[in-house]
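**Q** Have a look at this one.
Computed from the coordinates by the stated procedures, all read-outs in this text should not be read as laboratory data. If you're wondering where the values come from, they're calculated on a predicted model, not measured in any experiment. Every residue, glycine as well, gets a Cβ built from its backbone with ideal geometry; the counts of neighbours run over all protein chains shown.
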Amino acid sequence: MSIGLADPQSRVLEMVKKVTTIATIPEVTAKIIHTVEDPRSSAAKLHQIVSHDPALVTRILKVVNSAFYGLPGQIGSIERAIVLLGLNAVKNIAVAASIGQLFRMGKLCEGFTARDLWTHCIAVGVAARDLARQARSPAADEAFLCGMIHDVGILISLQANPEQLREVCDQVKFGTREFCELEREIIGVDHQQLGAALAELWKFPRTCQLVAGHHHDPKSLTGQNRTVVDMVYAADTLCCRSKHGFNLTACHQSMEPADLTDVGIDPAHVERTAARLDELVASASAFMGS
């Protein structure tokens, strides 16, 4: 069943408004994002916020001592963890702890749960981070965060229009049409439009909003706005091809070497990330448990 709607933006606002459990993120996470985005902030200020949330302290210490960051020795002090990790990495852990809870809302379609979507998002995050590191980009932490939240719009469809979302998934599984195209036809909007609206509502960094809104069509952006979006596009395509979690959104997506070179991504970097993707995802298991 298709939904015809003259104004997709109205549809986006209507669906976001219908959502209850994911309309807001925890206050502490919002404070952390705001603090880290403020250039005047310090590790001491961040510690002051984090220390009031024992569950988050536990989560940060678990992740900082995991294989993901590869730091030497066991770190038992939250102050030391913040200094060693840096403010952006702590922000990423806080966001993972918050939104990871939202990916428990049941079944997307036959064969996939919301938890599979979270597995996919973490996989895209670590793949984008690896691509950024190989390119010696200073945006590695940013690429991880953007990859981690890129498909958050699907959660809105799952809560607001689960039957239509299931129909989209089924048609993608048994056909050759693109996920976003079918979303727009059946639901009225795609998960990029919903994700961008949610990222803006949550006051996520501008790059996150761009990635959420354009990770399937980075060519619609220009200049430096595209850098992290292109990394997430490549990471998303890799993770869908290798079937890490929910893989329907980009299973028909193309990624030719010439296209990668055009946007400044070395195809050899993509090959290296693909070769060690299982290892990279395994190293992020501490995030999976959010």
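**Q** Between 0 and 90 degrees, rounded to the nearest ten: what's the tilt of helix 191-201 against the longest Cα principal axis of the chain?
**A** 40
**Q** Let me ask something additional. If you place +1 on the Cβ of every Lys and Arg and -1 on the Cβ of every Asp and Glu, how big does the dipole about the Cα centre of region 93-205 come out, in debye to the nearest 20?
**A** Magnitude of the dipole: close to 400 debye.
**Q** Let me ask you something else. Considering the options Ala81, Ala114, Ala30, tell which one lies farthest towards the positive end of the dipole of region 1-159, charges being +1 on Lys and Arg and -1 on Asp and Glu at the Cβ, about the Cα centre.
**A** Ala81
**Q** Let me ask something else about it. Specify the inter-centroid distance of region 37-101 and region 145-204, based on alpha-carbon positions, in whole Å.
**A** Each part's Cα centre sits 30 Å from the other's.
**Q** Follow-up question, since we're still on this one. Using the Cα centre of the chain as the reference point, and only Cβ charges (+1 on K/R, -1 on D/E), how large is the resulting charge dipole? Debye, rounded to the nearest 20.
**A** That gives the chain a dipole magnitude of about 900 debye.
**Q** Oh, and also: Please determine, in degrees from 0 to 90 and to the nearest 10, the orientation of helix 227-241 with respect to the longest principal axis defined by the Cα atoms of the chain, where the helix direction is its Cα long axis.
**A** Roughly 70 degrees between the two axes.
**Q** Next question, about the same structure. Which trypsin sites (Lys or Arg not before Pro) does region 84-115 hold that lie in a coil by DSSP with at most 13 other beta carbons within 10 Å?
**A** Arg104
**Q** What residue among Ser66, Leu194, Ala268 has its Cα farthest toward the positive end of the dipole of the chain, where the charges are +1 on Lys, Arg and -1 on Asp, Glu, each on the Cβ?
**A** The residue sitting most towards the positive pole is Ser66.
**Q** Right, next: If each Cα of region 176-221 is one equal point scatterer, what is log10 of I(q)/I(0) from the Debye formula at q = 0.28 Å⁻¹?
**A** Here the Debye-derived log intensity ratios amount to -0.97.
**Q** Looking at the square roots a ≥ b ≥ c of the eigenvalues of the Cα gyration tensor of region 81-137, which shape do they give, rounded for a/c under 1.5, prolate if a/b is larger than b/c, or oblate?
**A** oblate
**Q** Distance in nm between label sites at Ala55 and Asp38, each 7 Å beyond Cα in the beta-carbon direction?
**A** 2.5
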